[in-house]
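The block underneath contains the structure these notes are about, expressed in structure tokens.
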Amino acid sequence: MPELPEVETIRRDLEKALLHKTFSQIEVIDPFVLRTPQDKFIDALKKKSVEAIDRRGKALIVTCVGRDKVYLVVQLMMTGQLIIEGVPDKHTRIIFHVGNGRDRSLMLYNDQRRFGQLRVVKDLSDVKHLSLLGPEPFDAAFNPKYILEYTRHSKRPIKNLLLDHTFVAGIGNIYACEILFRCGLSPKRLAGRLSLAQAKDIHQYSIQVLNEAIEARGSSMRNYRDASGQEGGFKKLIRVYAREGENCPRCQSPIQRTVQAGRSTFYCPQCQK
Ligand SMILES: [Zn+2]
């Protein structure tokens, strides 16, 4: 599932390819992924020009202007991909025709498992998912004091809290595991027992891990691809995720896997207390 760094990589690619260009036509091949009626979806986007491409958590928000201003909100979920200049295949659900004449190109929405969602809204507050999101990890609002105050009475393991988007937006399973490894914190530690120093570590390493991952253009677990269809480079930098039984890069003891809230957690029991 694409997490914040993967979606941010796609956002930057789309910005280069789409900004100030016009959707000349929208072809809906599989309306299953739409959360706006097909006719309205096409009508709202056709002949509109792309004014901005933003990200909130794992959602992409494309601001489109023309007769009126609308937002195309894309949640890629498990296997959604937005590919520029791709060739449509059996997983292509929507084809966005961009530009006219010689300048014409295609943006494909591909989605193998069809859990992704695309919608067009006039007001972003109509998207319930967005209104529930906590601060972005890079926002000033996400800071050690906020982490301590939010977690003070929590009886949940810190790993589960990092995956909770009402606490912090955009962090998924891969990066939650990697952040806690760098903090030297057990994923099972109760969030309500964090010290100020540990809250500072969570803040600092969240930013560090996510920045490194963005710089490496994301991780390619399963079928993540950036907007040009390429894999990400962060996979080589992953220290614990999906490395059960391999040696911990810090202490050489075997990395373990456990299951928390139905998700696999990978950690080093020696380094993470
Ligand atoms: Zn270790």
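By counting other Cβ atoms within 10 Å of each Cβ, how are Asp30, Asp89 ranked from fewest to most? Walk me through the numbers before you get to the answer.
Numbers: Asp30 13, Asp89 10.
If I rank by nearby Cβ atoms, fewest first, I get Asp89, Asp30.
Report the full-extension gain for the segment Ala197 to Lys16: residue separation times 0.36 nm, less the Cα-Cα distance, to one decimal in nm.
Details: separation 181, 0.36 × 181 = 65.16 nm, distance 3.97 nm.
Going from the current span to full extension adds 61.2 nm.
Could you tell me which residue out of Pro5, Leu18, Ile179 lies farthest along the dipole of the chain toward its positive end? Charges go on the beta carbon: Lys and Arg +1, Asp and Glu -1, centred on the Cα centre.
Comparing the listed Cα positions along the dipole, Ile179 ranks first.
Once every Cα of region 68-199 carries one equal point scatterer and solvent is ignored, give the base-10 log of I(q)/I(0) from the Debye formula at q = 0.20 Å⁻¹, two decimals.
-1.13
Which of rounded, prolate, oblate describes region 4-132, given a ≥ b ≥ c as roots of the alpha-carbon gyration tensor eigenvalues and a/c under 1.5 marking rounded, otherwise prolate only if a/b is larger than b/c? Walk me through the numbers before you get to the answer.
Values: a/c = 1.24, a/b = 1.09, b/c = 1.14.
Because its axes are fairly even, with a/c under 1.5, region 4-132 counts as rounded.
So what's the chain giving for Rg/Rh, alpha carbon basis, Kirkwood Rh from the mean inverse pair distance? Spell out each step's value before the answer.
On the way: Rg = 19.9 Å, Rh = 19.6 Å.
So for the chain, dividing Rg by the Kirkwood Rh gives 1.01.
Under 13 Å from a point 7 Å along the Cα-to-Cβ line of Gln208: which residues of region 143-182 have their amide N that close?
Only 178-182 pass the distance filter.
Return Ser228, Ser195, Ser154 ranked ascending by Cβ neighbour count within 10 Å, so the fewest neighbours appear first. Can you show the working numbers first?
On the way: Ser228 14, Ser195 9, Ser154 17.
Ordered by Cβ neighbours within 10 Å, fewest first: Ser195, Ser228, Ser154.
Roughly speaking, what is the stretch gain from Asp126 to Asp39, that is 0.36 nm per residue apart minus the C-alpha to C-alpha distance, in nm to one decimal?
Working: separation 87, 0.36 × 87 = 31.32 nm, distance 1.90 nm.
Going from the current span to full extension adds 29.4 nm.
For every other residue with a beta carbon closer than 10 angstrom to the beta carbon of Val168, add +1 if it is Lys or Arg and -1 if Asp or Glu, then tell me the sum.
Details: positive: none; negative: Glu136, Asp139, Asp164.
Around Val168, the surrounding residues sum to -3.
Checking the cross-link filter: which lysines have an alpha carbon closer than 23 Å to that of Lys47, excluding same-chain neighbours under 8 positions apart?
Within the straight-line cut-off, Lys47 pairs with Lys16, Lys21, Lys69, Lys122.
Quick one: putting +1 on the C-beta of Lys and Arg, -1 on the C-beta of Asp and Glu, what dipole do you get for region 4-132 around its Cα centre, in Debye to the nearest 20?
Values: 23 positive and 17 negative charges, 33 e Å.
The calculation lands at about 160 debye.
For the chain, set up a GNM with springs between Cα atoms under 10 Å and report which of Pro157, Pro249, Pro88 has the largest fluctuation.
Among Pro157, Pro249, Pro88, the largest mean-square fluctuation in the Gaussian network model of the chain belongs to Pro249.
Under 26 Å Cα to Cα from Lys159, which lysines show up? Leave out anything in the same chain fewer than 8 places away.
Lys58, Lys128, Lys145, Lys188, Lys200, Lys235, Lys236, Lys273
Checking understanding here: applying a Kyte-Doolittle mean of at least -1.0 and a length along the axis of at least 27 Å (C-alpha), which whole DSSP H helices in the chain pass?
Values: long enough: 196-215 (29 Å, -0.15).
Those that pass (Cα extent of 27 Å or more, hydropathy at least -1.0) are 196-215.
A short reminder: the numbers here are calculations on the coordinates, not readings from a lab. Every value quoted in this text rests on a predicted model; they were computed, and no experiment measured them. Quick reminder, even Gly has a Cβ in these numbers, built from the backbone with ideal geometry, and neighbours come from all protein chains shown.
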